[in-house]
Every structure is written in structure tokens, then in C-alpha cells.
Amino acid sequence: MANRLVMSGTVYKTPIRKVSPNGIPHCQFYLEHSSNQTEAGFSRQAWCNIPVIVSGHNDLTHSIKKGSKIQVSGFISTHKSRNNLNQLVLHADHIELLGE
């Protein structure tokens, strides 16, 4: 089954960096995306703010800060938020820093 998403945008909040009890580093941040897309022959504004998690050793995660323009790709999965609501999260396995 296919589950692949590519998204570019701006890092909306300061990334949170943690290390799991197993020693796996995690970098969590929100990516804000805004673009014009064509749907049914009409132009429309597309906007979203999606949580992103990067797990494992990735040298680029240390360069990510609030305001960074990046492109990420990975798979999406549902996580339960603190208030017990389902939330889609992008688990990124590829990060590319874009020009400012």
C-alpha cells in the first residue's frame, strides 16, 4: 500500500529534540505550507500546518530552526494528541533545506 507525502513549507515553531529511552534521537516540529493549487480547473489557496517527526540520526535536523524553509518527505500516520484527539503526523525520512 502506498503512503508517501512530500511537503514544503516553513518551520512554524521551534523544533523539540529528544532522545528515546532506546537512544534514538527525535526531532519534532510543525511545518506550515501555503500554495496555490488547481482543482477542477479553478485556482484555490491550499494551506496546512502539519506536525513532523524525524527519527534517527540525521545531520540536517541540527540545522532546522523556527523559520527554516524546508522540504520533507515520508509517510503519514495517526497519533493521539494530549487531549485524546486523532492527528495526522508526517514521519519524515528525507529533509532538504531550501533557500531563504
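Here are the numbers:
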| item | result |
| --- | --- |
| Residues satisfying the stated conditions in the range 30-57, i.e. surrounded by 16 or more Cβ atoms within 10 Å (Cβ to Cβ) and either charged (D, E, K, R) or out of contact with any helix residue (DSSP H, G or I) (no Cβ under 8 Å at 6 or more places or on another chain) (or both) | Tyr30, Leu31, Ile50, Pro51, Val52, Ile53, Ser55 |
| So Thr14, is it touching a Cys at 6+ places or on another chain (Cβ under 8 Å) and either on the phi > 0 side of the Ramachandran plot or not in a strand (DSSP E or B) (or both) | no |
| Check on His62, in a loop (DSSP other than H, G, I, E, B) and either surrounded by fewer than 16 Cβ atoms within 10 Å (Cβ to Cβ) or in contact with a Gly (Cβ under 9 Å, 6 or more places away or on another chain) (or both) | no |
| Selection count, the range 66-100, where residues are among the charged types (D, E, K, R) and in a loop (DSSP other than H, G, I, E, B) | 3 |
| Check on Thr78, farther than 25 Å from Gly99 by Cβ, modelled with pLDDT under 95 and either in contact with an Asp or Glu (Cβ under 6 Å, 6 or more places away or on another chain) or surrounded by fewer than 16 Cβ atoms within 10 Å (Cβ to Cβ) (or both) | yes |
| Members of the range 31-74 that are of a type in the set (Ser, Thr, Tyr), free of Cβ contacts under 8 Å to residues at least 60 places away in the same chain and more than 13 Å from Arg17 (Cα to Cα) | Ser34, Ser35, Thr38, Ser43, Ser68 |
| Test: residue in the range 33-46 that is in a loop (DSSP other than H, G, I, E, B), among the hydroxyl-bearing types (Ser, Thr, Tyr) and over 11 Å from the mean Cα position of the chain (by Cα) | no |
| Residue that is surrounded by the most Cβ atoms within 10 Å (Cβ to Cβ) [pool: residues in the range 82-97 that are closer than 14 Å to Ile53 by Cα and not aliphatic (A, V, I, L, M)] | His91 |
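The values are calculated or read from the model by the stated rules, or taken from the named source; none is laboratory data. Keep in mind it's a predicted model, so treat the numbers as computed, not measured. We place every Cβ from the backbone using ideal geometry, glycine too, and count neighbours over all the protein chains shown.
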